[in-house]
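A.B. asks: Supplied in structure tokens, the structure appears directly below.
Every number here is computed from the coordinates shown, using simple stated rules; none is lab data. Just so it is clear, the model here is predicted, and its values are computed rather than measured.
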């Protein structure tokens, strides 16, 4: 059995897989990677199933040492710095660690999340998924120094870079469908929401990101019942401050949702950093469906292009 | 405002079927009816449905279907006759009111103009029903808090409230499953485990189940880890 030991892990570095859909009715969000495309790319590049459990690395970074190897792994997502021992490696790529070698992943020029795909990572599963719900710690869990990751023995692969798609970049212009509780805001506030720029604050984690920017005062008393929340809901609290809810979001909330981010734009939104500017653009539900299908087709072509070349088992 | 049910498009992968602007028995019945229909006969391309107090969120795969098709399908479901829901099961929850497990009991008594004992008796006497799960894993909102105990949330949340805490706000009561902050009033602690290890039944309550609380002098076992 191959083994990696965690030397250092920043906050919010955790095990994630394809997520845990279907339990929203029990108060359980889907969780899964903040940048879903990036984990899929890393897994396919390694030869894993696309939703296999891997490690989500935050801007807190991660350092590992190979205790028993060799271990071939793949990295994708964001613009991080990656070193094997002291040698810089492609931030998106397949690489092999031999026993005694060290891997360091640190934040680079852009991006908030990168993904480490591993062969047959042994994980704790909750409700059919290894994705960590960080608030409870359920699922595979957050990584901590001294922890040993147990892996399947797999034949090593040569080092190579993974082509980075344009769609992997952070998205400063985010498409939304307005509502469903936009009735709580007057027309001027709704116009401000799409006309003016916001910035991400430091209050950002796997549950959501609080924004700074235009004040969005609810025009009506907040007497709404607690209603379901989605990944991408833009919820405005009574103080007029907007929060975009993300992978580990609470499942219901009694504050109005002024708009909802398209699923196709959430990965790019999650890669923004605190103090980055962001603007919202309202689109119709019909055009949102059209772009979702176009983007899925483009992404499938991208995946086909490099997954075939991997020569992985 | 508008005619209910009202179906709104949400992002590129969901619709929200709204049955009222405020919670009511009629709105909740509408949510239950549509949710039960989708559980029995899932929609093509449907991912999951999540009930709220007055609305049902229906998630779908945009590569398979779209808002218009889902909206039409939901409207057809809503025409169907209502199948009466099965009567829920009854769960009994022990509550301990030791001062360290019920830090807000005195404040609740003062705010309601009752004695500590009257607050406890009033809470225990009521019959509770599981309305929805929400917020966090296993957080089951129970309706049925007596009107004499209805209080708005506290102005400031208390941090790191232990799992198993019995908390109230407005007409709602719940037994927490995680150690988290809460702005609700903490009036006791229970050892009833809502999150279970059983993969066939990971959550103790079903929506519609009944819950009754009874007083115990001490809790058996360690109530601080009801999960896992």
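A.B. asks: Relative to the longest principal Cα axis of chain A, at what angle does helix A:36-46 sit, 0 to 90 degrees, rounded to 10?
C.D. replies: For A:36-46 against chain A, the angle is about 10 degrees.
A.B. asks: Then there is this: Which of A:154, A:51, A:130 moves most in a GNM of chain A, Cα contacts under 10 Å?
C.D. replies: Answer for the Gaussian network model of chain A: A:154.
A.B. asks: While we're on this one: Can you give me the relative contact order of the range A:87-156 as a percent, contacts being Cα pairs under 8 Å and 6 or more apart? Show your work: numbers first, answer last.
C.D. replies: On the way: 44 pairs, mean separation 18.0, N = 70.
With pairs under 8 Å counted, the relative contact order is 26 percent.
A.B. asks: Quick one: Debye curve from the C-alpha atoms of the range B:96-189, no solvent, what's log10 I(q)/I(0) at q = 0.15, 0.18, 0.20, 0.23 Å⁻¹?
C.D. replies: Normalising to I(0) and taking log10 leaves -0.50, -0.75, -0.94, -1.28.
A.B. asks: Follow-up question, since we're still on this one. For chain B, take the longest principal axis of its alpha carbons; what is the angle in degrees between that and the long axis of helix B:67-79, to the nearest 10 within 0 to 90?
C.D. replies: Once rounded, the angle reads 70 degrees.
A.B. asks: Along the three principal axes, how long is chain A when you take its alpha carbons, biggest first, rounded to the nearest angstrom?
C.D. replies: Sorted largest first, the three principal extents are 63, 36, 33 Å.
A.B. asks: Please build a GNM for chain A, connecting alpha carbons under 10 Å apart, and tell me which residue among A:268, A:18, A:60 fluctuates the most.
C.D. replies: A:60
A.B. asks: How would chain B be classified by its alpha-carbon gyration tensor: rounded, prolate or oblate, with rounded meaning a/c under 1.5 and the a/b versus b/c comparison settling the rest?
C.D. replies: Values: a/c = 2.22, a/b = 1.89, b/c = 1.18.
Since a/c reaches 1.5 and a/b is larger than b/c, the shape of chain B is classed as prolate.
A.B. asks: A follow-up question, please. Given the C-alpha centroids of the range A:6-40 and the range B:131-159, what is the distance between them in whole angstrom?
C.D. replies: Measuring centre to centre over Cα atoms gives 27 Å.
A.B. asks: Where q = 0.15, 0.16 Å⁻¹, what log10 of I(q)/I(0) comes from the Debye formula for the range A:57-198, counting one point per Cα?
C.D. replies: Normalising to I(0) and taking log10 leaves -0.87, -0.94.
A.B. asks: Pick from B:188, B:138, B:45: which is most flexible by mean-square fluctuation in a GNM of chain B where alpha carbon atoms under 10 Å apart are linked?
C.D. replies: Answer for the Gaussian network model of chain B: B:45.
A.B. asks: Hey, another quick one. Over chain B, what relative contact order in percent results from Cα pairs under 8 Å that are six or more residues apart? Numbers along the way, then the final one.
C.D. replies: Details: 462 pairs, mean separation 43.4, N = 228.
It rounds to 19 percent for chain B.
A.B. asks: Roughly what angle does helix B:25-40 make with the longest principal axis of chain B, taking Cα atoms, 0 to 90 degrees, to the nearest 10?
C.D. replies: It works out to around 60 degrees.
A.B. asks: Length gain on complete extension for the stretch residue B:72 to residue B:147, per 0.36 nm per residue less the alpha carbon to alpha carbon distance?
C.D. replies: On the way: separation 75, 0.36 × 75 = 27.00 nm, distance 4.01 nm.
That works out to 23.0 nm of additional length.
A.B. asks: Sticking with this one: Relative contact order of the range A:173-282: what whole-number percent is it, with Cα pairs under 8 angstrom and at least 6 residues apart?
C.D. replies: Numbers: 252 pairs, mean separation 44.8, N = 110.
Relative contact order here is 41 percent.
A.B. asks: Assign one of three labels to the protein assembly as shown, namely rounded, prolate or oblate, based on the Cα gyration tensor with a ≥ b ≥ c the square roots of its eigenvalues; rounded applies when a/c is under 1.5, prolate when it is not and a/b is larger than b/c, and oblate otherwise.
C.D. replies: Prolate.
A.B. asks: Which of rounded, prolate or oblate describes the range B:6-79 when judged by the alpha-carbon gyration tensor and an a/c cut-off of 1.5? Walk me through the intermediate numbers first.
C.D. replies: Numbers: a/c = 1.97, a/b = 1.56, b/c = 1.27.
Here the range B:6-79 falls in the prolate category.
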